[in-house]
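Heads up: the structure comes next, in structure tokens.
The values are calculated or read from the model by the stated rules, or taken from the named source; none is laboratory data. This one's a predicted model, so the numbers in the text were calculated from it and none came from an experiment. Glycine gets a Cβ as well: all are built from the backbone with ideal geometry, and neighbour counts include every protein chain shown.
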Amino acid sequence: MNKLKKSFFVVVALALTVGLTGCGKPATQAGEGIAGKYDSILRTTQDWPTYTDPAVGNDQSDAITMANLYDPFLYPDLNGEPAPHIAAEWSVSDNGLEYTFTIRDGIKFHSGNPLTADDVAYSMKRMLTIGEGFAYLYKGVVKDVQALDSKTVKFVLENSFGPFLGSLIRFMIVDSKVVAEHYDKSTSTYGEFGDYGKTWLLTNDAGSGPYRAIDIKLEEYVLGEKFDDYFLGWDPAAPEYFQISGAVEPVSVKTAMANRELEITDQIQPMENFIAMDAIEGIDVVAYDSAQTFGVSMNTKKAPTDDVHFRKALAYAFDYETVMTDIYPGAIPVKGPVPSNVPGNNPDIPRYTYDLEKARAELALSKYAGDPAAQRIELVWCAEVPEEEKIALLINANLSQLGIAVDIVKQPFGSMIESAQSIESTPNLSIVLTAPSYFEAGAVLKSRYHSSSSGTWEQMEWILDPVLDAAIDDALSTPDRDLRFEKYRQIQEQIYDLCPTIWMFSLAERRAYQSGYVEWPVAELIKQGAAFVFPMGYNVIARNTRVYPDRRR
């Protein structure tokens, strides 16, 4: 999971205007509209850069892109539960250590090669060997994977893993033949596999998903076109093309929406931009509970946030209500490490609240009490999310009342990821938005607080507690759901007491979309008043969206 991203934000502000030039089409100018073959297109924006290799990517933009270019082994239903997809059916051994899956007939890769059990086994082995992206879900879990015949694959687990099926929504299948053709043998990083095709997959795809990549500019965008032979077929109104771009700058996004050059925005726009876009005819803004949590990760191994009382002082000194009313209206209160709508959440954990008296009392108990020189911290916020600057300034104002000095640093997300790779380079405080990789509390506990995820953007806390690791591993290995959830609840209490994070709120994910000519499943479900869950990345699936170009004009 040591994915190192580099920032390319010098150029991404231009991505919406130059994004299609790599395909030989002149860049559209504001107000010109879109003509020709790109009429039927779904474009969205997200923080950047994006890595489409299923063995490498694991953040929001990666997940959205992979879900459009590749097929997951199992697909999440509207409750977040795993449902058949590539795997049509399965059985589990009595001891819970062997899962045997039957592969659905008729699935083709973009190359035309049939998807077989060999590709499934190859994809898992490749992910485990590379050890990046969502590999942390399977490392120490999957002992072996065997293709029994072309349509049957067996997974052998190291130990019982209760949410194994749920985790398989993150297991994307690659075309083993195509990837093998593009090994870079000039390196021996992975022995006989060279670079295992990682370099080639930076700008190409080897998937079977509804769209095949026709242009990937790592610095700017991914453009895909409809894969006619997609095994689930097509609705006539599904978009012919899909594009995800890194142009999240508010003025660019608002202009593109006004000119009908963008169909769905990212969720990180400032509130004033959403209000302005919502006022434009034909554009609506929707919000829903996405189980994403905004938190302030505290480096528990760097002074002064290495002291639990100092951390609790910070937690009590944070003005939660102001953030949820003035900066992120509609945000959902969160009590601890797991959002309230994620199965296995502990509803009985008390919530940290803004209480300066408690903050002063905790500060007095810390080993840094009475030492103003030691009470100085560095706070980093993500440059691509303007609202985070407001949060950073609020934290500074709150902590100044305690005599704590805050050095505020603005960093691109790629730089934050790079800084997170060591204790020394990780700041005291980092504002981070995280989401469960699959819909169960164990997904949050493993990715956010287990030592295996330290050194990544998802765990800048550096807890490194073998006792906590063992408790998380034990819970995840418990087959009985009720007992597993009880263990999750106890672990959440332990983490709450450690206070490694300021759990600010659960995000009401807000996106603007072109309601005048786009039918987007998220918005349609909201209109119907239906209950639904879209795990990270599955909310913007172009194939499931309907675009009507004649209504655009």
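Output the number of residues of the stretch 219-252 satisfying the condition of being closer than 23 Å to Ser515 by Cβ, within 21 Å of the chain's Cα centre (by Cα) and either part of a strand (DSSP E or B) or β-branched (Val, Ile, Thr) (or both).
5
State whether one or more residues within the stretch 141-157 are modelled with pLDDT under 95 and either within 16 Å of Leu476 (Cβ to Cβ) or crowded, with 23+ Cβ neighbours inside 10 Å (or both).
Here is the first cut: in the stretch 141-157, the ones modelled with pLDDT under 95 are 141.
Within this subset, residues satisfying the condition of being either within 16 Å of Leu476 (Cβ to Cβ) or crowded, with 23+ Cβ neighbours inside 10 Å (or both) are 141.
Yes, the conditions are met somewhere in the stretch 141-157.
Pick from the stretch 160-202 the residues that are surrounded by fewer than 19 Cβ atoms within 10 Å (Cβ to Cβ) and within 23 Å of Tyr221 (Cα to Cα): which of them is modelled with the lowest pLDDT?
Leu202
If you scan the stretch 404-430, which residues turn out to be modelled with pLDDT under 95 and out of contact with any strand residue (DSSP E or B) (no Cβ under 8 Å at 6 or more places or on another chain)?
Matches in the stretch 404-430: Gly414, Ser415, Ile417, Glu418, Gln421.
The conditions are (1) assigned by TED's automatic domain parsing to the domain that holds Arg551; (2) surrounded by 18 or more Cβ atoms within 10 Å (Cβ to Cβ); (3) in contact with a Leu (Cβ under 8 Å, 6 or more places away or on another chain), and Asp205 fails exactly one of them. Which is it?
So Asp205 meets the others, but not (1).
Kindly indicate which of Ser160, Ser186 is part of a loop (DSSP other than H, G, I, E, B) and farther than 30 Å from Asp480 by Cβ. Don't jump to the end; show me each part of the working.
On the way: Ser160 fails: farther than 30 Å from Asp480 by Cβ.
Criteria check complete, one pass: Ser186.
Being under 17 Å from Phe101 (Cβ atoms) and either of a type in the set (Lys, Arg) or touching a strand residue (DSSP E or B) at 6+ places or on another chain (Cβ under 6 Å) (or both) is the filter here, so list the residues in the stretch 119-137 that pass it.
Val120, Ala121, Met124, Lys125
Which residues, counting only those in the stretch 513-533, are more than 12 Å from Tyr288 (Cα to Cα) and not in a helix (DSSP H, G or I)?
Tyr513, Gln514, Ser515, Gly516, Tyr517, Val518, Glu519, Trp520
Give me the pairs, please: first residue somewhere in the stretch 336-358 and over 23 Å from Phe532 (Cβ atoms), second residue anywhere and assigned to a loop (DSSP other than H, G, I, E, B) and among the small types (Gly, Ala, Ser), beta-carbon distance under 7 Å, and either six or more positions apart or on two chains.
Final answer for the pair search is Asn346/Gly336; Ile349/Gly336; Leu356/Ala317.
Which condition from (1) in a strand (DSSP E or B); (2) touching a Ser or Thr at 6+ places or on another chain (Cβ under 9 Å); (3) among the small types (Gly, Ala, Ser) is the one that Ser123 breaks?
The single condition Ser123 does not satisfy is (1).
Within the stretch 488-498, does at least one residue satisfy the condition of being surrounded by fewer than 19 Cβ atoms within 10 Å (Cβ to Cβ) and assigned to a strand (DSSP E or B)?
No, the stretch 488-498 contains no residue that is surrounded by fewer than 19 Cβ atoms within 10 Å (Cβ to Cβ) and assigned to a strand (DSSP E or B).
Would you check which residues across the stretch 474-487 are in contact (Cβ under 8 Å) with a residue 12 or more places away in the chain and surrounded by 13 or more Cβ atoms within 10 Å (Cβ to Cβ) and list them?
Of everything in the stretch 474-487, those that are in contact (Cβ under 8 Å) with a residue 12 or more places away in the chain and surrounded by 13 or more Cβ atoms within 10 Å (Cβ to Cβ) turn out to be Asp474, Ala475, Leu476, Ser477, Thr478, Pro479, Arg481, Arg484, Phe485, Lys487.
When residues of the stretch 416-458 are filtered for being within 20 Å of Pro304 (Cα to Cα) and of a type in the set (Lys, Arg), how many remain?
The qualifying residues number 0.
Ala135: assigned to a helix (DSSP H, G or I) and assigned by TED's automatic domain parsing to the domain that holds Gln243, yes or no? Walk me through it before giving the result.
Working: assigned to a helix (DSSP H, G or I): yes; assigned by TED's automatic domain parsing to the domain that holds Gln243: no.
No; evaluated as a whole, the condition is false for this residue.
Restricting to the stretch 70-89, and then to whatever is within 14 Å of Ala117 (Cα to Cα) and without any contact (Cβ under 8 Å) to a residue 24 or more places away in the chain, can you tell me which residue is surrounded by the fewest Cβ atoms within 10 Å (Cβ to Cβ)?
This residue is Glu89.
Just wondering, is there one or more residues in the stretch 536-552 that are assigned by TED's automatic domain parsing to the domain that holds Phe294, surrounded by 23 or more Cβ atoms within 10 Å (Cβ to Cβ) and assigned to a helix (DSSP H, G or I)?
no
Residue by residue through the stretch 533-553, note down the ones that are over 14 Å from Tyr75 (Cα atoms) and at pLDDT below 90.
Arg552, Arg553
Among the residues in the stretch 429-443, are any more than 16 Å from the chain's Cα centre (by Cα), in the same structural domain as Tyr328 (by TED's automatic domain parsing) and either free of Cβ contacts under 8 Å to residues at least 40 places away in the same chain or not in a helix (DSSP H, G or I) (or both)?
Yes, the stretch 429-443 contains at least one residue that is more than 16 Å from the chain's Cα centre (by Cα), in the same structural domain as Tyr328 (by TED's automatic domain parsing) and either free of Cβ contacts under 8 Å to residues at least 40 places away in the same chain or not in a helix (DSSP H, G or I) (or both).
Just to verify a result, which residue in the stretch 90-99, among those that are under 15 Å from Gln146 (Cβ atoms) and more than 27 Å from the chain's Cα centre (by Cα), is surrounded by the fewest Cβ atoms within 10 Å (Cβ to Cβ)?
Within the stretch 90-99, the first condition is being under 15 Å from Gln146 (Cβ atoms), and the residues that meet it are 90-91, 93, 97-99.
Retained after the next criterion (residues that are more than 27 Å from the chain's Cα centre (by Cα)): 90-91, 93, 97-98.
Details: Trp90: 18, Ser91: 10, Ser93: 12, Leu97: 15, Glu98: 16.
Selected residue: Ser91.
Output yes when any residue across the stretch 417-425 is in a helix (DSSP H, G or I) and touching a residue at least 60 places away in the same chain (Cβ under 8 Å), and no when none is.
At the first step, the residues of the stretch 417-425 found to be in a helix (DSSP H, G or I) are 417-419.
Still in the running and touching a residue at least 60 places away in the same chain (Cβ under 8 Å): 417-418.
There is at least one residue in the stretch 417-425 that is in a helix (DSSP H, G or I) and touching a residue at least 60 places away in the same chain (Cβ under 8 Å).
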